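Chemist: Take a look at this one; I'll ask things after.
The values are calculated or read from the model by the stated rules, or taken from the named source; none is laboratory data. This structure is a prediction, so every number in the text was calculated from the model and none was measured. Backbone-built Cβ (ideal geometry, glycine too); neighbour counts: all protein chains shown. Surface accessibility is based on the protein's heavy atoms, side chains included, excluding ligands, DNA and RNA. Shrake-Rupley method; radii C 1.70, N 1.55, O 1.52, S 1.80 Å.
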Amino acid sequence: MLSIQHLSKSYKDTRLVLNDVSFDVQKGEIIGLIGPSGAGKSTLIRCINRLIEPTSGSITLEGIELSHLSSSRLREQRRRIGMIFQEYALVERLSVMENVLSGTLGYVPFWRSFFCKFPQEKIEKAFGYLGRVGLMDHVNKRADELSGGQKQRVGIARALAQEPSLLLIDEPTASLDPKTSRQIMRLIKEICKEQQLPAIINIHDVLLAQTFVDRIIGLNEGKIVFDGSPSELNEAVLTTIYGKEEWQTAPQEKEATVATLTPESIAVKLELAV
Ligand SMILES: Nc1ncnc2c1ncn2[C@@H]1O[C@H](COP(=O)(O)OP(=O)(O)OP(=O)(O)O)[C@@H](O)[C@H]1O
């Protein structure tokens, strides 16, 4: 489905920000990309959609090599990658429906989009996506009238309107409260499973990742240092990914043992560590 092989990236200096990264993602599989600040998570996401050029290695989506495409072929292939952003990236003065329809722009002739004459079929599909994310009552509202959670739902519907083969999701819950964060992660998970869409989610919240993703990839200094099931995230693995920390206890629980390690305690410690 998506295959990343021996991907490396250095910016201006010679230091490798991504160092020989290889992994495959299957249909419907949700990957949580975790790691400390500066580990290379955003760089990896941006290499996959070619917002930045990889230094070496290959990225293949459904058999098409993305890393050496001409700019016109690249535009065509980018349509197949739906992006969801931390800050939603909506056009605030446009309506919810218009924002969702903007996801189809790669498929609609320029003159039609300029005059907002989207084909009926695209409009009907947009209604379907808005229904799926629970926003049917807000179709004609301006984006700037929505809450953060509602804006992120529009971002998800817009990504779906692209009819993507892959979702790349950058910190989708970083601006949301804990309950809304869980609702958004649950929605992403349900949609990926329904549509058999693979997704890579750059996420700082380890508890959320553990709860909602199928597989976790841990990056440290540009290298994959962990690739496994969320249930395998124990103290040793967290130390490998993030560095040494007393993962097993919150400060007020000095006597607790490793056996008390719970997703909640991990989340508390990670919040303290960042
Ligand atoms: N455009 C750039 N030019 C030069 N160096 C960059 C550029 N973008 C990122 N870097 C460097 O690459 C490294 C990885 O950055 P990246 O943003 O990918 O990390 P990250 O894991 O996403 O971090 P965070 O969780 O803080 O967003 C960092 O050392 C950063 O300073």
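Chemist: Measure nothing but the geometry: give the 0 to 90° angle between the long axis through the Cα atoms of 178-195 and the longest principal axis through the Cα atoms of the chain, rounded to 10°.
Modeler: That helix lies at roughly 60 degrees to the long axis.
Chemist: Okay, next question. Can you give me the solvent accessible area of Asp20 with a 1.4 Å probe, rounded to the nearest 10 Å²?
Modeler: 80
Chemist: Cα axis of helix 120-132 to longest principal axis of the chain: angle in degrees, 0 to 90, nearest 10?
Modeler: 30
Chemist: Can I ask one more? Can you tell me the orientation of helix 263-273 relative to the chain, as the angle in degrees between its alpha-carbon axis and the longest Cα principal axis, to the nearest 10?
Modeler: In the chain, helix 263-273 runs at an angle near 90 degrees to the longest axis.
Chemist: Let me ask something additional. Looking at Gln26, Tyr88, Ser71, which one has the Cα that reaches farthest to the positive end of the dipole of the range 1-140 (charges on Cβ: Lys, Arg +1; Asp, Glu -1)?
Modeler: Positive-end residue among those listed: Ser71.
Chemist: If each Cα of the chain is one equal point scatterer, what is log10 of I(q)/I(0) from the Debye formula at q = 0.08 Å⁻¹?
Modeler: These q points yield log10 I(q)/I(0) values of -0.35.
Chemist: Given the whole protein assembly as supplied and a 1.4 Å probe, what does the accessible area of Thr239 come to in Å², nearest 10?
Modeler: My reading of the accessible area for Thr239 is about 50 Å².
Chemist: Provide His138, His6, His68, His204 ordered by accessible surface of protein heavy atoms (probe 1.4 Å), highest first. Don't skip to the end; give the middle numbers.
Modeler: Numbers: His138 35, His6 105, His68 150, His204 85 Å².
The ranking, largest first, comes out as His68, His6, His204, His138.
Chemist: Follow-up. Given H placed on each backbone N at 1.01 Å, which residues far from Leu197 in sequence or on other chains put an amide H within less than 5 Å of it?
Modeler: Gly28
Chemist: Whenever you get a sec, line up Lys244, Lys12 from highest to lowest accessible area (probe 1.4 Å, protein heavy atoms).
Modeler: Lys12, Lys244
Chemist: State the percentage of accessible surface on the chain attributable to carbon and sulfur atoms; use a 1.4 Å probe and exclude ligands, DNA and RNA.
Modeler: Its accessible area is 51 percent carbon and sulfur atoms.
Chemist: If you find the alpha carbon centre of the range 45-100 and of the range 114-155, how far apart are they in angstrom?
Modeler: 21
Chemist: Ignoring ligands, DNA and RNA, what accessible area per residue does the chain give at 1.4 Å, in Å²? Display every interim value, and only then the final one.
Modeler: Values: 12930 Å² over 274 residues.
Dividing the accessible area of the chain by its residue count gives 47 Å².
Chemist: A further question follows. Kindly report, to the nearest 10 Å², the accessible surface of Ser70 as traced by a 1.4 Å probe over protein heavy atoms only.
Modeler: Rounded to the nearest 10, that gives 60 Å².
Chemist: Still on this structure, please answer the following. Given the chain, what percent of its DSSP beta bridges are antiparallel, to the nearest 5?
Modeler: Details: 19 of 35 bridges.
Around 55 percent antiparallel, to the nearest 5.
Chemist: Using a 1.4 Å probe and counting only protein heavy atoms, arrange Lys9, Lys223, Lys189 so the residue with the most accessible area comes first.
Modeler: From most exposed to least exposed: Lys223, Lys189, Lys9.
Chemist: Follow-up. Defining a contact as two alpha carbons under 8 Å apart and six or more residues distant in sequence, what relative contact order in percent does the chain show?
Modeler: Result for the chain is 24 percent.
Chemist: What's the extension gain from Leu51 to Gln120 if we count 0.36 nm per residue and subtract their Cα-Cα distance?
Modeler: Roughly 21.7 nm would be gained on extension.
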